[in-house]
Every structure is written in structure tokens, then in C-alpha cells.
1. Going through segment 122-164 one residue at a time, which ones are under 30 Å from D37 (Cα atoms) and assigned to a loop (DSSP other than H, G, I, E, B)?
2. Does V157 meet the test of being open to solvent by less than 80 Å² (accessible area, probe 1.4 Å), of a type in the set (V, I, T) and modelled with pLDDT under 85?
3. Kindly indicate whether A169 is touching a Ser or Thr at 6+ places or on another chain (Cβ under 8 Å), exposed (fewer than 14 other Cβ atoms within 10 Å of the Cβ), at pLDDT below 85 and in a loop (DSSP other than H, G, I, E, B).
4. Could you tell me whether V142 is in contact with a Phe, Trp or Tyr (Cβ under 9 Å, 6 or more places away or on another chain) and surrounded by 15 or more Cβ atoms within 10 Å (Cβ to Cβ)?
5. Determine whether L110 is within 22 Å of M42 (Cβ to Cβ), free of Cβ contacts under 8 Å to residues at least 12 places away in the same chain and not basic (K, R).
6. Please identify the pairs in which a residue from segment 124-140 that is closer than 15 Å to A57 by Cα has its Cβ atom under 9 Å from the Cβ atom of a residue that is part of a loop (DSSP other than H, G, I, E, B) and not hydroxyl-bearing (S, T, Y), counting only partners at least 6 apart or on another chain.
7. For segment 93-116, which residues satisfy the criterion of being within 21 Å of V149 (Cα to Cα) and either open to solvent by 70 Å² or more (accessible area, probe 1.4 Å) or basic (K, R) (or both)?
8. Here are the criteria: (1) closer than 26 Å to P41 by Cα; (2) out of contact with any Lys or Arg (no Cβ under 8 Å at 6 or more places or on another chain); (3) free of Cβ contacts under 8 Å to residues at least 60 places away in the same chain. Tell me which single one T90 does not satisfy.
Amino acid sequence: MTSPMDDDFSPVPERTSGSSPAPGAEDAPRLTNPPVDPSKPMRAAVRYGTYGLVALAIVGVVAGYLFAGLPGVWGALLGAGLGGGFILFTAVSVLFSERLPMVQGGAVVLGGWAIKMLLALIVFATVSRFTFYSQPVMAIVVIGALVLVLGAETYGVLKHRVPYVQPEAEAVNPATKYDDA
């Protein structure tokens, strides 16, 4: 039984440039294992999280306008920006630090998390003084953004399979699609 995800690791033909095969030589291309991109799941997580956040912002603005008028619109926009930005910032910092050595990558992610927490506290403390937005609408959209963006990012990571090791390019028998032994 195969699934659509099985195609991710199917062998791909190895292209040779230059001369054409000699007459009578086998015309089938040599197959090798495909290269693996370890950042693909994280990029998909950011992409799906952004799509989900935009959809939530649109729905939140419409519902906020129906529920509380213009303050509801501002509450939905603030909630989507703060809640979604809060979660997406972590995924972007992980994506940014993937090529760094482990210690520096961990420092970037931890430092980004600390800055994100500090900024969230400052922004929420500052915004709580104003009355131009609907606080209930903002609270609902912030919670919705946290759940939706985390779910979309989880889906993006789980949808893309990446092996734990980088396989070396090996010749693959085109007849059986298995490595030559």
C-alpha cells in the first residue's frame, strides 16, 4: 500500500551532460537518492501558519465588525497581529538559526523567545490603557490565533518527512528501485 508521501523518497534519474549513450547501450538513466532539504518542514510550517493567520484575521475582522463595530475591527487586527506574530516569530527564529552551530542556534532561539516575551508584556500593558478596540474581540482572536497558527505549523511539520540521516548518493537499480547491493 502506498501513500502520496511515498513519492518524496522515490529515486530520481541522475542526469548526465555531454555525450549521448553509445548505440546498443542501456537508455535507462541511472537513479540516485534525492537530496534532502532539512528546512522544508519549517518553511512549510511558517507558510501554513501565515495562511491560517491571514484567514483568521479576515474572519475576525468581519465577526468583530458585526459584534462591536469599528472597535471590533481594531480588536481583531490587534489580536491577530499579537497572537499570530507571537507564535510565528519562534518558527522564523528557528528557521533563521538552522544553519548556525548548535550552541549559537540555541542562543538565537532562546534570546528570541526572551525578547518576544518582553515585547508581548510591554505591548499588552501599553494597549490595555486604550479604548479604541474591543477587548473581548481581541482576546478571542488572540486565543484563536495561538491555536490556529500552532495547529497549522504542526500540520506543516508533520506533512513533510525528513530522514534523520543524510543518505549518500547510491546507485539504484531501475528495475527494482532498490539500491544495488
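1. Of segment 122-164, the ones under 30 Å from D37 (Cα atoms) are 145-164.
H160, R161, V162, P163, Y164, listed by residue number.
2. Values: open to solvent by less than 80 Å² (accessible area, probe 1.4 Å): yes; of a type in the set (V, I, T): yes; modelled with pLDDT under 85: yes.
Here the answer is yes, as V157 does meet what is asked.
3. On the way: touching a Ser or Thr at 6+ places or on another chain (Cβ under 8 Å): yes; exposed (fewer than 14 other Cβ atoms within 10 Å of the Cβ): yes; at pLDDT below 85: yes; in a loop (DSSP other than H, G, I, E, B): yes.
Against the criterion (touching a Ser or Thr at 6+ places or on another chain (Cβ under 8 Å), exposed (fewer than 14 other Cβ atoms within 10 Å of the Cβ), at pLDDT below 85 and in a loop (DSSP other than H, G, I, E, B)), A169 qualifies.
4. Working: in contact with a Phe, Trp or Tyr (Cβ under 9 Å, 6 or more places away or on another chain): yes; surrounded by 15 or more Cβ atoms within 10 Å (Cβ to Cβ): yes.
So V142 fits the description; yes.
5. Working: within 22 Å of M42 (Cβ to Cβ): yes; free of Cβ contacts under 8 Å to residues at least 12 places away in the same chain: yes; not basic (K, R): yes.
So L110 fits the description; yes.
6. S134/G69
7. If we filter segment 93-116 for residues that are within 21 Å of V149 (Cα to Cα), which is where we start, we get 93-98, 109-110, 112-116.
Listed by number, the residues that qualify are F96, E98, L110, W113, I115, K116.
8. The number of the failed condition is (2).
The values are calculated or read from the model by the stated rules, or taken from the named source; none is laboratory data. Not measured: the values here are computed from a predicted model. Because the Cβ atoms are built from the backbone with ideal geometry, glycine has one as well, and the counts that use them run over all protein chains shown. Side chains are part of the model used for accessible areas, which takes the heavy atoms of the whole protein and leaves out ligands, DNA and RNA. Shrake-Rupley method; radii C 1.70, N 1.55, O 1.52, S 1.80 Å.
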